[in-house]
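Note sheet for the following structure.
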Amino acid sequence: MRKSFFTIIILLMVGLGTSFFIGSVPIVIFILGLLPMSFYKRGEPYQMITSFEVGSNRFLLNKIKWQVLIFTILCVPLIAVFIVFHQDRWFIPVVEYLIFVSVHVYMILTKYAFYEPNSRSSAVQTFGTVGATGVIFPVFIPLVWLLSIRFYFKARRNLNFYLDDFN
């Protein structure tokens, strides 16, 4: 987030300033949705995980909650302005937002299902491609939802090694 802050601000300003064009807000939401996907490719040091001092379930739910909250804060003004100018097509940014929330949750769960401290997992990159495919071809979103359920339990099991003291 720190590295992308100015990019996000510029995108928001462009999206809000050009929201009277029908394609501008969906494109900005698309770019804002793609930015966080790169955040989940590398595992942080295990000390960062244990510093929260919560169990694996609470840790995952906090990560998901914060990601959804930040993305929602970024998208709600764009969606609201889009609806003001294009009431008959309100569903376009709303559906796009829901797809990206699903993929972001999936990426978080994938990262921690295959978590290895300080490294990039090839499994995360491979399964991340499935999530990215779901963004481009929404027919894959049910697969993303099913894999999210599977990876939630796998991530809990994987994180229990590091967070078992807090369960």
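The values are calculated or read from the model by the stated rules, or taken from the named source; none is laboratory data. Everything numeric here is computed off the predicted structure, so don't read it as measured data. Here the Cβ positions follow ideal geometry from the backbone for every residue, glycine too, while neighbour counts run over all protein chains shown. Quick note on the areas: whole protein, heavy atoms, side chains included, nothing else; ligands and nucleic acids left out. Shrake-Rupley method; radii C 1.70, N 1.55, O 1.52, S 1.80 Å.
What to note about this one:
- Using the Cβ-Cβ distance between F91 and D165 with R0 set to 41 Å, the FRET efficiency from 1/(1 + (r/R0)^6) comes to roughly 0.35.
- Label-point gap, in nm, between M48 and T72 - each point 7 angstrom along Cα→Cβ: 2.4
- Each helix, a run of at least 4 DSSP H residues, gives -39500 (n - 2.57); summed and divided by the residues of the chain, these come to -24000 deg cm²/dmol at 222 nm.
- Here the chain is treated with +1 on each Lys and Arg Cβ and -1 on each Asp and Glu Cβ, and its dipole about the Cα centre works out to around 260 debye.
- Counting protein heavy atoms only, the chain has 70 percent of its accessible area on carbon and sulfur, 1.4 angstrom probe.
- Look at the alpha carbon pairs under 8 Å that are at least 6 residues apart: their mean separation over the length of the chain gives a relative contact order of 31 percent.
- Only helices reaching 30 angstrom along their own axis (Cα) with mean Kyte-Doolittle hydropathy no lower than 0.0 count here, and for the DSSP H runs of the chain these are 56-85, 91-113, 141-163.
- Kirkwood Rh, Cα atoms: Rg over Rh of the stretch 11-167: 1.03
- For the stretch 1-119, the number of Lys pairs separated by eight or more positions or lying on different chains, with C-alpha atoms closer than 18 Å, is 5.
- Normalised per residue, the accessible area of the chain is 56 Å², obtained with a 1.4 Å probe and no contribution from ligands, DNA or RNA.
- Net lengthening on full extension, I9/F39 (0.36 nm per residue, minus Cα-Cα): 9.0 nm
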